[in-house]
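To keep things clear, I will list the structure first and then write my remarks on it.
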Amino acid sequence: MRRVLPAACLTICLMAALALAAQELQLPATVNAGSGFAIATSGSGSATFYLVGPSYTAKRQVQLGQEIQVRPPEVRSAGRYLAILRSGGASRSGSFYVSAAKPASLSFLAHPSRIPVGQRGGVVGVAFLFDNWHNLVRRPEDVEFRLSTKNAPAAAQSVRTRDGAAWILMNSGTKAGNAQFVAALDGIEEARVIQQVASDPCHLQIRAERSPRGILVQTAPVRDCSGNPVSDGTVVTFTANSPAGLSTVDVPVKKDIAQVELKIPGPATISVASGVVMGNEVKVGGQQ
Amino acid sequence: MRHALVLALLFVFSASCLAADGPRVQFDISHIGPRQMEEVTGRNIPRDWGRAWQTLAVAFAQNRPDLLGHYFTGFAQQKLTAGIAAQEKSGVRTRYVDHGHKLEAFFYSPDGGALELHDTADLEIQVLDGNNLVHSERVTLRYIGLMTPAADHWEVRVLESVPSF
């Protein structure tokens, strides 16, 4: 009796498993998006077939014993699909996954849209790969990122995607102007424009001369350390130290230079600065 | 008058469905990169993910694609909208009973503009033909999600179930 009982239990369990397996539809585990396939059926008579996917639901009458054709447009969206075959109150079901087809488009996020030259890791590029039906392509692919400015060598680097995403940090170039930031893969290209502007002023130089109303101070063309003219509006600070005291004037750069007329009749020592950069110092004598 | 009353009742019903607490979402940021997540964002992501799922369930249960715009955008919104249109056309509806999510953030872009997630969802899925239940299952499904920030919350831009992570 002790030996018979476990054997009977095992037999019942096996039969139950076999009966359950018979209720499962034979489906492929994975299908490529937009690729049709056939589902084999057994028996006779008519049945109702349901296909339920992420962006598709259909119901149709089918003949048992004949193959059910799942058409390519029915499986365009990646994700899990349920297939249900219902006949006379009984149903058989199964599920399968649709995975993305080959890459067809890139979603490219570039940041920022404007950046000073010479910024290490300042340009951020993120690319997401999608197939023809906007499914995320999860297979690893190599995306090439290129950053180029006119008359300057381009910087390029290849990055492998993980779960459809590739990202990079690139240095901004040394030349001011519009840079093309491109993400590319197998002939698919997405480009963004990054405006590279001059960085902080460098090597400030001033000259000063006596004028009828005081002292006229003018900078040489203000440039960054790569030689790019700084943007109009960059503030240059002139400081005059005279017997009358210390006076400071902030002047915006206009057409590459900053100038101001200081109403100081006596002798003065004038210095210049912009941000953390100091320029030269000039001594001017008093009015005759 | 009668139509207006029905519409008003429908609105109140759907609004109350969305106002209720969303599904339970456990959020893990221990494998996130390259950017670390700010504390506030770390609180908002599971909240908005849960609300997105809640919206999805109500939208599919009631054939209401107009609800999706609150928490879905881009390709996710397009696909779910198409899904609701297809189920409305076929007369077959999918009902989701949400038993919770284990959400893991693994890619947060350096500029903070995109967040990619792995979600292990415990769902009960019911397929109804008219009012007849033709299929019911409780499953653990894996989803890849891509979220992007909107004005005051995060939106789901990509939502795809996958066989494995």
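The table that follows gives values for the structure above.
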item	result
Where A:Gly125 falls short, out of the listed (1) assigned to a strand (DSSP E or B); (2) in contact with a helix residue (DSSP H, G or I) (Cβ under 7 Å, 6 or more places away or on another chain); (3) surrounded by 20 or more Cβ atoms within 10 Å (Cβ to Cβ)	(2)
Sole exception among (1) within 9 Å of chain A (Cβ to nearest Cβ); (2) more than 13 Å from the chain's Cα centre (by Cα) for B:Arg138, by number	(1)
So A:Gly275, is it under 19 Å from A:Ala198 (Cβ atoms), open to solvent by 40 Å² or more (accessible area, probe 1.4 Å), touching a strand residue (DSSP E or B) at 6+ places or on another chain (Cβ under 9 Å) and not assigned by TED's automatic domain parsing to the domain that holds A:Thr174	yes
Leading residue by the ranking (farthest from B:Gln87 (Cα to Cα)) among those in the stretch B:141-165 that are facing another protein chain (nearest Cβ under 10 Å) and free of Cβ contacts under 8 Å to residues at least 24 places away in the same chain	B:Ser164
Residue ID - least open to solvent (accessible area, probe 1.4 Å), chosen from residues in the stretch A:110-122 that are assigned to a strand (DSSP E or B) and more than 8 Å from every other protein chain (Cβ to nearest Cβ)	A:Ile115
Every residue from the stretch B:70-88 that is within 26 Å of A:Gly125 (Cβ to Cβ) and either open to solvent by 40 Å² or more (accessible area, probe 1.4 Å) or β-branched (Val, Ile, Thr) (or both)	B:Thr73, B:Phe75, B:Gln77, B:Gln78
Members of the stretch A:130-140 that are in contact (Cβ under 8 Å) with a residue 24 or more places away in the chain, more than 10 Å from chain B (Cβ to nearest Cβ) and touching a strand residue (DSSP E or B) at 6+ places or on another chain (Cβ under 6 Å)	A:Val137
Those residues of the stretch B:100-123 which are more than 8 Å from every other protein chain (Cβ to nearest Cβ) and more than 14 Å from the chain's Cα centre (by Cα), in sequence order	B:Glu104, B:Ala105, B:Tyr108, B:Gly112, B:Leu115
When residues of the stretch B:115-133 are limited to those that are in contact (Cβ under 8 Å) with a residue 40 or more places away in the chain and aliphatic (A, V, I, L, M), the one surrounded by the most Cβ atoms within 10 Å (Cβ to Cβ)	B:Leu117
Pair list, Cβ < 7 Å and 6+ apart or interchain, from the stretch A:53-64 residues that are facing chain B (nearest Cβ under 7 Å) to residues that are aromatic (Phe, Trp, Tyr)	A:Lys59/A:Tyr50
Residue count, the stretch A:66-80 (criterion: open to solvent by 10 Å² or more (accessible area, probe 1.4 Å), assigned to a strand (DSSP E or B) and either closer than 16 Å to B:Val92 by Cβ or facing chain B (nearest Cβ under 10 Å) (or both))	1
A:Tyr97 being open to solvent by 50 Å² or more (accessible area, probe 1.4 Å), closer than 21 Å to B:Ser161 by Cβ, facing chain B (nearest Cβ under 9 Å) and at pLDDT 95 or above	no
Candidates A:Ser158, A:Ser107, A:Ser91, filtered to the one that is at the interface with chain B (Cβ under 9 Å from one of its Cβ atoms) and surrounded by fewer than 20 Cβ atoms within 10 Å (Cβ to Cβ)	A:Ser91
Test result for B:Gly91, of a type outside the set (A, V, I, L, M, F, W, C), within 22 Å of A:Arg92 (Cβ to Cβ) and surrounded by fewer than 20 Cβ atoms within 10 Å (Cβ to Cβ)	yes
Extreme residue, surrounded by the most Cβ atoms within 10 Å (Cβ to Cβ), among residues of the stretch B:100-114 that are in contact with a strand residue (DSSP E or B) (Cβ under 6 Å, 6 or more places away or on another chain) and not in a strand (DSSP E or B)	B:Ala114
Unique match (being within 13 Å of chain A (Cβ to nearest Cβ), in a strand (DSSP E or B) and either under 23 Å from A:Ser99 (Cα atoms) or not aromatic (Phe, Trp, Tyr) (or both)) among B:Val97, B:Val127	B:Val127
Pick from the stretch A:210-236, criterion surrounded by 15 or more Cβ atoms within 10 Å (Cβ to Cβ) and basic (Lys, Arg), ranking: modelled with the highest pLDDT	A:Arg223
Boolean, A:Lys263 is in contact (Cβ under 8 Å) with a residue 12 or more places away in the chain and closer than 25 Å to A:Gly227 by Cα	no
Test result for A:Ala83, crowded, with 18+ Cβ neighbours inside 10 Å, more than 28 Å from A:Phe49 (Cβ to Cβ), out of contact with any Asp or Glu (no Cβ under 6 Å at 6 or more places or on another chain) and in contact (Cβ under 8 Å) with a residue 24 or more places away in the chain	no
Qualifying residue in the stretch A:26-35 (condition: facing chain B (nearest Cβ under 10 Å), among the polar types (S, T, N, Q), within 23 Å of A:Trp133 (Cα to Cα) and part of a strand (DSSP E or B))	yes
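Residues checked against (1) assigned to a helix (DSSP H, G or I); (2) among the aliphatic types (A, V, I, L, M):
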residue: B:Ile45; (1), (2): yes, yes
residue: B:Ala57; (1), (2): yes, yes
residue: B:Gln78; (1), (2): yes, no
residue: B:Glu88; (1), (2): yes, no
residue: B:Arg93; (1), (2): no, no
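The values are calculated or read from the model by the stated rules, or taken from the named source; none is laboratory data. These figures come from a predicted structure and were not determined experimentally. Positions of Cβ are backbone-derived with ideal geometry, glycine not excepted, and every protein chain shown enters the neighbour counts. Accessible surface areas use protein heavy atoms only, side chains included; no ligands, DNA or RNA. Shrake-Rupley method; radii C 1.70, N 1.55, O 1.52, S 1.80 Å.
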